[in-house]
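In what follows, a single structure is set out as structure tokens and then discussed.
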Amino acid sequence: MTLVLLIALLVVVLASATAVTLTRRRRGPELEPPPPRPAPPAVPPPDAATSPTPAAPERELTPEQVAEIERALAEAEAIPEEVAEPEPEAIPEAPTRLKPSFRDRLGKARTLFSSYLGSVRSREKITDETWDDLEEALILADVGMETTTALLDDLRDKVKAESISSPDSLVDALKADLVSRLAGNRVLAFEPGALNVWLFVGVNGVGKTTTIGKLGLQAANEGRSVIMAAGDTFRAAAADQLQLWAKRVGADLVRGAEGGDPGAVVFDAKQRGAARGTDLVLADTAGRLHTKINLMEELKKVRRVAERAPGTLNEVLLVIDATTGQNGLVQAKEFAAAVGVTGVVLTKLDGTAKGGIALAIQTELGIPIKLVGLGEAPEDLIEFNAEEFVDAIFG
């Protein structure tokens, strides 16, 4: 019986071993288990200094504190928030135009004189040819025969009295004499706080209307109020041109009907100026030939109107084109006799070699050259300066 049990147990064990072997063959080779993961680094315990402090328990506000907070909030809402205004953008200034210089603008006159002065200075002493050169240069510059003769006679006397012997000293003496003869008051008469009237006369085409426009612009830039009177009622184009200048200047313009009474236009301009407290009335007149007696008589009437109240007639300015030469001297004589010219405006001086007309007018008539035109821009109408004028011509 025992033997039978042992045999049966042995059979069971063998059967079990055989089943295990068959199972392994079906599953294939058994894989090795993966290596164990490394343990995470040990983190030191947080420092007591850096560990967050537990929040303190919130305290409840008292009714008085709540009321105080609400009152402060109400006051803050009542105060309007101040908003800073943006800084205004700086307006770039217009480029400043340099004042024209006589030396830059009188190149033609200087070229004429320099050739003769060079011939004078090239000689070792003063000779008869020296005087001939000086006489020819002055006449070609439109100083005029009468003024040239008087000028050289005075210069000869000076040479004898001061024992001048060198050509350079002679030229220096001539320059000094010219400056002395051109001396005079250049300031345009103006009475602050009153109505000032400036009357402009001259023949056609010399630049009266343009001169009025330029002077008006300069006066406005100086803070003076201006009224322009279009007294040339014979030409609508003249009134239209003055209207353009008035708009540019920001000035009032008084004009009449074409062919109307120029004296009435000047009178209306003065009345308007007095009513508005204007500083300056610039009155244009019709261009007329100095040989036309009836037109010159009409100009006398306009002057009489300008003299009456309101306002004061401070200036009667004769505008002459420098390029006309000795004809300008004839004009100056006639206008001075008719309307009492107080000053001369010499236009287009930069475009001619005949600048000597300034010397002829002032020497023979005693009328100062107050303004000269050295270009087209308003800034080119400047006060006459005798020293700069003579220096520019002599080089």
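The values are calculated or read from the model by the stated rules, or taken from the named source; none is laboratory data. Here the structure is a predicted model, which means the values were calculated and not measured. Using ideal geometry, Cβ is built from the backbone for each residue, glycine included, and neighbour counts are taken over all protein chains shown. Surface accessibility is based on the protein's heavy atoms, side chains included, excluding ligands, DNA and RNA. Shrake-Rupley method; radii C 1.70, N 1.55, O 1.52, S 1.80 Å.
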Ala257 versus Ser165: modelled label distance in nm, points set 7 Å from Cα along the beta carbon direction | 7.9
Fully extended, how many nm does the chain gain between Arg272 and Leu98 (0.36 nm per residue separation, minus their Cα-Cα distance)?
-> 59.1 nm
With a 1.4 angstrom probe the carbon and sulfur portion of accessible area for the stretch 120-211, in percent, totals 48
What FRET efficiency would be calculated for the residue pair Lys108, Asn294, taking the C-beta separation as r and a Förster radius of 41 Å, to the nearest 0.05?
-> 0.60
Can you pull out the GluC sites (Glu not before Pro) in the stretch 343-389 that DSSP calls coil and that have at most 13 other Cβ atoms within 10 Å?
-> Glu376
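If contacts are Cα pairs under 8 angstrom and at least 6 residues apart, what is the relative contact order of the stretch 157-270 in percent?
So the answer I get is 20 percent.
Using a 1.4 angstrom probe on heavy atoms only, work out the carbon and sulfur share of the accessible area of the stretch 271-333 in %.
After summing per-atom areas, the C and S share lands at 49 percent.
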For Gly311, enumerate residues with amide H under 5 Å from its amide H, sequence gap 5+ or separate chain, H modeled in the peptide plane.
-> Leu195
Contour minus Cα-Cα distance for Ala309 and Lys175 (0.36 nm per residue) | 43.8 nm
Where does the charge balance sit around Val341 when Lys and Arg score +1, Asp and Glu -1, over other residues with C-beta under 11 Å from its C-beta?
-> +1
Hits in the stretch 173-217: amide N under 16 Å from the 7 Å Cα→Cβ extension of Val330, namely 203-204
Per residue, what volume in Å³ does the convex hull of the Cα atoms of the stretch 302-395 enclose?
-> 111
Across the stretch 272-395, qualifying lysine pairs (alpha carbons under 18 Å, at least 8 places apart or different chains) come out at 7
